[in-house]
Amino acid sequence: MHLSSRAKLLIGLAIVVVLAAYVYQALGPSVWSKVTPQIPQIFIDTLLLGNLYFLIAVGITMTFTVAKFANFAHGDVATVGAYAAYLLYNFAVLSGAPNGFAVQVGLVGVVSGIILTLAYLKTKNSTLMVLGPALLVMGAVVLFACYTGANLWEATIEAMLASAVVSLLSHVLVYKPLSNRGASLVQLMVASIGVALFIRYALYEMTWYSRQYFKQEITYQNFGVQLSNFQAWIINGTLVIANTTASFASEYIPAIKIGAGGIAFTKLNALDVMFKFPQPVLSFTDLYIWSTLTVLAVIIGMTLLFKKTKIGKAWRAVANNPVLAAACGIDVDSVVNLAWLVAGALAGIGGLFWAIQTQIYPELGWMILLNAFAVAVLGGLGSFWGTFAASYILAFAEQFGVSVLAAINPQYTGYRFMIPFSVFLLVLYLKPEGLAGIKTRKA
Amino acid sequence: MVDKTGLILGIIVAGIIAAFAAVNVSYTLDLIFFLAFYAIAALSLNLEYGYAGLSNFGKVGFIAVGAYTAGVLSAAYGVPFPLCLIAAAIAAAAVGAFIAIPTVKLREDYLGMSTIIIGEMIRILLRNTPTNSVWGGVFGLRGIKPPFDFITNTFERTIAYVGLSVVLFFFTYILLERWGNSPLGRVLKSIRDDELASKSIGKFTYRYKLLALTLGSALAGLAGALYAFYFLYLNPDTFLPLVTFLIWVMVIIGGMANNAGVVLGTAIVILINRLTQIAKDYIHLPLEPNYFQAMLVGLLIILFLMFRPQGLVPEKPVRTPAWRVLEERAPKEIDYLKEGEGGEENE
């Protein structure tokens with residue numbers, strides 16, 4: 001029996017709906033009464049998780065559009081950024097004095113950056129054009145942080161640049177020569193796995209050094225950023241959001257009231273909030289706000305880049321047909337370099353956020369990568385908006401599923417990773433082209 | 001000119017193993033078991049990647065399925081050893097087919113990404129099984145009945161088991177060598193080289209790819225069952241993705257679509273592993289050797305793909321009857337053809 005893909009999709013969806021109804025029935029009200037009050041929290045957690053997925057997966061999509069293969073090293077590129085930021089943030093200043101080792105690293109960065117920039121001025125090589133300044137800025141930031149104390153902005157810049165440089169180098173040193181030698185798709189993927197293994201175990205080696213010689217444990221550590229915790233209540237039809245972390249410092253905590261009468265800033269009594277207020281409807285941290293702002297900036301930036309600038313036009317042309325683009329006088333090498341650079345920078349910032357949200361360890365990127373692959377495939381491999389939608393869909397599936405699992409039995413939350421993977425398998429069976437396949441019509 | 005790299009390296013490898021045997025027999029037995037286990041896994045990957053060009057990055061997942069199927073059947077139900085081997089192969093083949101059905105239609109990327117996800121998924125599932133059940137969760141699966149328990153002497157029993165593993169390895173090797181030279185192998189190679197051309201001469205490429213992945217998974221499951229009965233204990237955290245990539249390195253170093261080369265690659269990778277383990281006790285490097293080994297694996301993958309993509313032992317032309325006749329009657333033309341093929345590869 002041969003079914004058209006549309007019929008298959010419909011039958012599959014029908015089966016999914018029936019299964020969902022069965023699960024709903026089977027779990028019974030005892031589970032759902034626990035899940036329903038959490039729904040606002042699930043939505044806001046979805047926002048954070050979706051942001052984090054998006055920042056990683058969009059890089060996979062980007063490199064996929066120009067290089068046409070799935071980059072398995074992307075997660076580990078993100079880990080490099082997270083570690084660069086972590087080390088800068090925590091170890092640039094040791095007991096009030098600049099860290100001697102970090103100063104040396106910064107100096108090496110500045111000097112090599114200057115040399116490479118000068119080399120670019122001589123040779124006009126498109127790789128050196130970005131590599132030199134990037135190293136220069138990285139070194140300068142490290143030096144600056146050593147003498148003035150590191151803050152999160154410097155850490156973010158460091159994360160983005162470190163990941164961007166590693167991403168670019170992996171392209172220039174491995175993938176480009178390989179594809180010039182006519183390597184097949186599978187060989188490129190295997191090579192990216194080689195790069196991933198190399199980076200990951202180099203990081204492991206670094207943590208081992210740190211343990212052995214600096215007597216400092218740098219795996220499974222918290223990032224060290226103090227996050228403010230916000231909580232929200234709905235009282236008499238107005239939404240009250242308060243920064244509860246401030247209650248450690250003072251008696252009154254700042255709050256915002258949003259209601260029919262408009263927006264008002266007030267101060268609440270901390271003791272009232274602790275003892276008299278009901279269970280908060282929502283609870284979120286700074287990271288929710290930062291990651292959302294970052295994603296918004298990325299979306300606006302990318303849209304402007306692709307729609308308004310010549311670089312974006314060239315990028316789209318290269319993604320569409322590199323040979324034709326080269327024939328039109330577009331510098332394909334530079335555009336591809338730029339794509340790897342931007343993908344790396346976004347991975348770096350994504351890795352940093354993941355590290356702040358969870359913990360930092362060398363496998364971090366690898367653990368994210370598999371979820372990010374699920375996102376990328378669901379988004380239809382190579383579609384920007386598909387990836388965007390898929391990030392939040394998978395994030396919602398994961399958060400909702402975890403709440404249901406926890407309501408059934410708290411032990412079952414270990415199956416958390418299964419949820420995005422199951423959605424991924426489902427997509428492969430029902431709609432292998434992903435979300436992008438819904439819009440594009442087959443000729 | 002015939003490339004003798006493979007032959008020379010093979011002799012060196014055999015020499016090292018013989019030297020091991022002269023020093024410590026039980027260590028060598030362990031080494032030989034690992035050679036047989038990894039060789040079966042690498043040969044199965046060679047069927048998928050070398051012949052059919054399918055990128056299976058979740059090999060370790062299929063090995064885990066085989067190992068746990070055999071382990072649970074033996075520990076919980078007391079199923080005899082040979083039946084466990086067969087059941088393991090069937091279970092792994094079923095999982096392989098389940099993944100292959102939606103993915104082999106699509107581009108290679110999808111298969112690669114799906115299989116790597118499945119491999120991790122199987123590990124996470126196994127980790128989260130209840131610890132008080134036979135599966136054992138993170139504490140691992142215990143209580144697998146030892147095979148050959150009619151032999152009372154443990155050393156003799158180990159010899160018997162390692163011997164059986166080697167026999168199974170030879171069986172796999174001969175099977176794959178026959179498949180490779182049969183019409184099946186030729187169709188798979190044609191799919192790898194140009195799927196459209198293969199379709200245009202009326203081959204159902206989808207079915208062949210499905211078959212390759214299913215058979216490869218079955219062999220991986222067999223390897224997993226062998227592993228389970230050797231250690232009589234299974235832990236989900238031994239089935240890390242690194243094992244998959246170790247197997248990939250074996251295939252890439254050895255040479256794709258060449259079974260003898262893959263076996264050689266397996267031996268080289270395992271010997272590097274063992275020799276660095278031994279060297280660790282005598283040489284003090286400012287490096288953690290285990291991490292360094294994994295870095296080396298990554299580097300080897302990249303360097304081989306860049307400078308010797310055909311592997312140490314390059315692919316041989318398929319031995320069809322027509323080719324044999326040509327070899328007898330027109331050796332010069334054959335040499336010319338071979339050189340032509342080599343020239344193409346070196347480009």
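The values are calculated or read from the model by the stated rules, or taken from the named source; none is laboratory data. The structure presented is a predicted model; accordingly, all values stated were derived computationally and were not measured. Using ideal geometry, Cβ is built from the backbone for each residue, glycine included, and neighbour counts are taken over all protein chains shown.
Being among the hydrophobic types (A, V, I, L, M, F, W, C) and surrounded by fewer than 18 Cβ atoms within 10 Å (Cβ to Cβ) is a property that A:LEU169 has. Here B:GLY78 clears all of (1) under 15 Å from B:ALA220 (Cα atoms); (2) away from chain A (no Cβ under 13 Å) except the condition numbered (1).
Kindly evaluate A:PHE424 against the criterion of being part of a helix (DSSP H, G or I), within 11 Å of another protein chain (Cβ to nearest Cβ), among the hydrophobic types (A, V, I, L, M, F, W, C) and within 25 Å of A:THR65 (Cβ to Cβ).
Numbers: part of a helix (DSSP H, G or I): yes; within 11 Å of another protein chain (Cβ to nearest Cβ): yes; among the hydrophobic types (A, V, I, L, M, F, W, C): yes; within 25 Å of A:THR65 (Cβ to Cβ): yes.
Yes: the conditions hold for A:PHE424.
Checking the structure you have, find out if any residue of the stretch B:43-53 is under 16 Å from B:VAL166 (Cβ atoms) and surrounded by fewer than 23 Cβ atoms within 10 Å (Cβ to Cβ). So that I can check it myself, show each step before the final result.
Just the residues of the stretch B:43-53 that are under 16 Å from B:VAL166 (Cβ atoms), to begin with: B:43.
Then keep just the ones that are surrounded by fewer than 23 Cβ atoms within 10 Å (Cβ to Cβ); that gives none.
Within the stretch B:43-53 (the criterion being under 16 Å from B:VAL166 (Cβ atoms) and surrounded by fewer than 23 Cβ atoms within 10 Å (Cβ to Cβ)), the answer is no, since none of the residues qualifies.
For first residues located in the stretch B:289-300 and within 11 Å of A:ILE199 (Cα to Cα), partners that are of a type in the set (Gly, Ala, Ser) and surrounded by fewer than 19 Cβ atoms within 10 Å (Cβ to Cβ) and lie 6+ apart or on another chain with Cβ distances below 7 Å form the pairs B:MET295/A:ALA202. Cβ separations smaller than 6 Å between residues 6+ apart or across chains give the following pairs from the stretch B:189-205 residues that are touching a residue at least 24 places away in the same chain (Cβ under 8 Å) to residues that are among the polar types (S, T, N, Q) and not in a loop (DSSP other than H, G, I, E, B): B:ILE191/B:SER198; B:ILE191/B:THR205.
Filtering the stretch A:333-372 to residues that are more than 14 Å from every other protein chain (Cβ to nearest Cβ) and farther than 22 Å from A:ALA134 by Cα leaves A:TRP354, A:ALA355, A:ILE356, A:GLN357, A:THR358, A:GLN359, A:ILE360, A:LEU364.
Pairs meeting the criteria (first residue in the stretch A:96-113 and within 14 Å of A:TYR147 (Cα to Cα), second residue of a type in the set (Val, Ile, Thr) and at pLDDT below 85, beta carbons under 7 Å, at least 6 apart or on different chains) are A:ASN99/A:VAL93.
For the stretch A:118-129, the criterion of being farther than 20 Å from A:TRP340 by Cβ and among the charged types (D, E, K, R) is satisfied by at least one residue. Selection of the stretch A:195-219 for residues being facing chain B (nearest Cβ under 7 Å), surrounded by fewer than 21 Cβ atoms within 10 Å (Cβ to Cβ) and not aromatic (Phe, Trp, Tyr) yields A:ALA202, A:GLU205. The residues listed here are A:LEU381, A:LEU394; of these, the one that is within 14 Å of chain B (Cβ to nearest Cβ), part of a loop (DSSP other than H, G, I, E, B) and touching a residue at least 24 places away in the same chain (Cβ under 8 Å) is A:LEU381. The residues listed here are B:ILE116, B:ILE90, B:ILE101; of these, the one that is farther than 30 Å from B:ILE17 by Cβ, within 11 Å of chain A (Cβ to nearest Cβ), surrounded by fewer than 22 Cβ atoms within 10 Å (Cβ to Cβ) and more than 15 Å from the chain's Cα centre (by Cα) is B:ILE101.
On the basis of being within 11 Å of another protein chain (Cβ to nearest Cβ), assigned to a helix (DSSP H, G or I) and farther than 17 Å from B:MET121 by Cα, does A:GLN411 make the cut? Yes: the conditions hold for A:GLN411.
Taken over the stretch B:275-321, the criterion of being over 20 Å from B:MET250 (Cβ atoms) and assigned to a loop (DSSP other than H, G, I, E, B) is satisfied by B:ASP281, B:TYR282, B:ILE283, B:HIS284, B:LEU285, B:PRO286, B:LEU287, B:GLU288, B:PRO317, B:VAL318, B:ARG319, B:THR320. Say whether the condition of being in contact (Cβ under 8 Å) with a residue 12 or more places away in the chain and either hydroxyl-bearing (Ser, Thr, Tyr) or within 14 Å of chain B (Cβ to nearest Cβ) (or both) is met by at least one residue in the stretch A:267-281. No: the stretch A:267-281 contains no residue that is in contact (Cβ under 8 Å) with a residue 12 or more places away in the chain and either hydroxyl-bearing (Ser, Thr, Tyr) or within 14 Å of chain B (Cβ to nearest Cβ) (or both).
Filtered by the rule that a residue be surrounded by fewer than 20 Cβ atoms within 10 Å (Cβ to Cβ) and more than 9 Å from chain A (Cβ to nearest Cβ), the stretch B:119-129 gives a lone residue, B:THR129.
Apart from one condition, A:GLY379 fits all of (1) surrounded by 21 or more Cβ atoms within 10 Å (Cβ to Cβ); (2) under 12 Å from the mean Cα position of the chain (by Cα); the exception is (2). Taking the condition of a type in the set (Asp, Glu), surrounded by 24 or more Cβ atoms within 10 Å (Cβ to Cβ) and closer than 30 Å to A:GLU433 by Cβ, does B:GLU108 pass? No, not satisfied. What about A:VAL375, is it within 14 Å of chain B (Cβ to nearest Cβ) and either modelled with pLDDT of 85 or more or under 17 Å from A:HIS74 (Cβ atoms) (or both)? When the stated conditions are applied, A:VAL375 passes them. Of the residues making up the stretch A:109-126, one or more are of a type in the set (D, E, K, R) and either part of a helix (DSSP H, G or I) or in contact with a helix residue (DSSP H, G or I) (Cβ under 6 Å, 6 or more places away or on another chain) (or both).
Anything in the stretch B:165-182 that is of a type outside the set (Gly, Ala, Ser) and either touching a Ser or Thr at 6+ places or on another chain (Cβ under 7 Å) or free of Cβ contacts under 8 Å to residues at least 40 places away in the same chain (or both)? List them, or say none.
Filtering the stretch B:165-182 down to residues of a type outside the set (Gly, Ala, Ser) leaves B:166-179, B:181.
Result: B:VAL167, B:PHE170, B:PHE171, B:ILE174, B:LEU175, B:ARG178.
Among the conditions (1) buried (at least 24 other Cβ atoms within 10 Å of the Cβ); (2) over 18 Å from the mean Cα position of the chain (by Cα), B:SER198 misses just one, which is (1).
Of all residues in the stretch A:382-393, which are over 14 Å from the mean Cα position of the chain (by Cα) and of a type outside the set (Phe, Trp, Tyr)?
A:GLY382, A:SER383, A:GLY386, A:ALA389, A:ILE393
Within the stretch A:169-194, restricting attention to residues that are touching a residue at least 12 places away in the same chain (Cβ under 8 Å) and of a type in the set (Gly, Ala, Ser), the residue that is nearest to the other protein chains (Cβ to nearest Cβ) is A:GLY194.
In the stretch B:288-316, of all residues being more than 14 Å from chain A (Cβ to nearest Cβ) and touching a helix residue (DSSP H, G or I) at 6+ places or on another chain (Cβ under 6 Å), the one that is surrounded by the most Cβ atoms within 10 Å (Cβ to Cβ) corresponds to B:VAL313.
For the stretch B:43-75, the set of residues classified as of a type in the set (Gly, Ala, Ser) and more than 14 Å from every other protein chain (Cβ to nearest Cβ) consists of B:SER44, B:ALA64, B:GLY66, B:ALA67, B:ALA70, B:GLY71, B:SER74, B:ALA75, listed by residue number. Among the residues of the stretch B:321-335, the ones that are surrounded by 11 or more Cβ atoms within 10 Å (Cβ to Cβ) and either modelled with pLDDT of 75 or more or not β-branched (Val, Ile, Thr) (or both) come to 6 in all.
Which of the residues that make up the stretch B:130-143 are within 11 Å of another protein chain (Cβ to nearest Cβ) and either of a type in the set (D, E, K, R) or buried (at least 17 other Cβ atoms within 10 Å of the Cβ) (or both)? Result: B:GLY137, single match.
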